[in-house]
1. Has segment 120-128 got any residue that is in a strand (DSSP E or B), free of Cβ contacts under 8 Å to residues at least 12 places away in the same chain and not β-branched (V, I, T)?
2. Name the one entry in G93, G53 that is at pLDDT 95 or above, of a type in the set (G, A, S) and farther than 27 Å from P127 by Cβ.
3. Right, V56: buried (at least 17 other Cβ atoms within 10 Å of the Cβ), in contact (Cβ under 8 Å) with a residue 60 or more places away in the chain, part of a strand (DSSP E or B) and not charged (D, E, K, R) or not?
4. Just to be sure, is S101 surrounded by 19 or more Cβ atoms within 10 Å (Cβ to Cβ) and touching a strand residue (DSSP E or B) at 6+ places or on another chain (Cβ under 9 Å)?
5. Out of segment 64-98, which residues are within 15 Å of L117 (Cβ to Cβ) and surrounded by 20 or more Cβ atoms within 10 Å (Cβ to Cβ)?
6. Working only within segment 70-101, note down all residues that are farther than 16 Å from S39 by Cβ and under 14 Å from the mean Cα position of the chain (by Cα).
Amino acid sequence: MTVRMSVLVVVGIALLTARSSAHHNMTAMFDLNDRVTLSGTLTKVDFRNPHIGLDVEARRESGTIEVWKAEGPPPNFFKSRDTTKADFEKAVGKPITLEVSRARDGSRSGLLRSIALPGRKVISLCPENC
């Protein structure tokens, strides 16, 4: 019985560790060398764990408007940089600039690298997200 219980514990720990490391492997989803700078209007904020999400209507060089989704670190990351959910909510409908690492699938989504909120508040997410 003790051997069986030990095996179950080891397998359980291995499964939890594999799931955790897979979740945080951002290089599988995002190309850290393919950076895109976007300027546009923040339209939506999803400020919750495990990662915040932002929707931005970005005006591209061609003049077209593209809707981009950006994923960032958890809310606690921003708290340690003196930025709150209210700061993001106040920015909805206003112009922002952000830099993302584009998704490997080529979609209009990316991993946040930096963001400039209204009022010139600039937050670098590196090295956390770089």
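The values are calculated or read from the model by the stated rules, or taken from the named source; none is laboratory data. Given the structure is predicted, the values throughout are model-derived calculations rather than measurements. Don't worry about glycine lacking a Cβ; one is built from the backbone with ideal geometry, like all the others, and counts go over all protein chains shown.
1. There is at least one residue in segment 120-128 that is in a strand (DSSP E or B), free of Cβ contacts under 8 Å to residues at least 12 places away in the same chain and not β-branched (V, I, T).
2. Result: G93 is the single residue among G93, G53 that is at pLDDT 95 or above, of a type in the set (G, A, S) and farther than 27 Å from P127 by Cβ.
3. no
4. yes
5. Passing the criteria: A70, G72, F78, F88, A91, I96, L98.
6. Once the filter is applied, which keeps residues that are farther than 16 Å from S39 by Cβ and under 14 Å from the mean Cα position of the chain (by Cα), segment 70-101 yields E71, G72, P73, P74, P75, N76, F77, F78, F88, S101.
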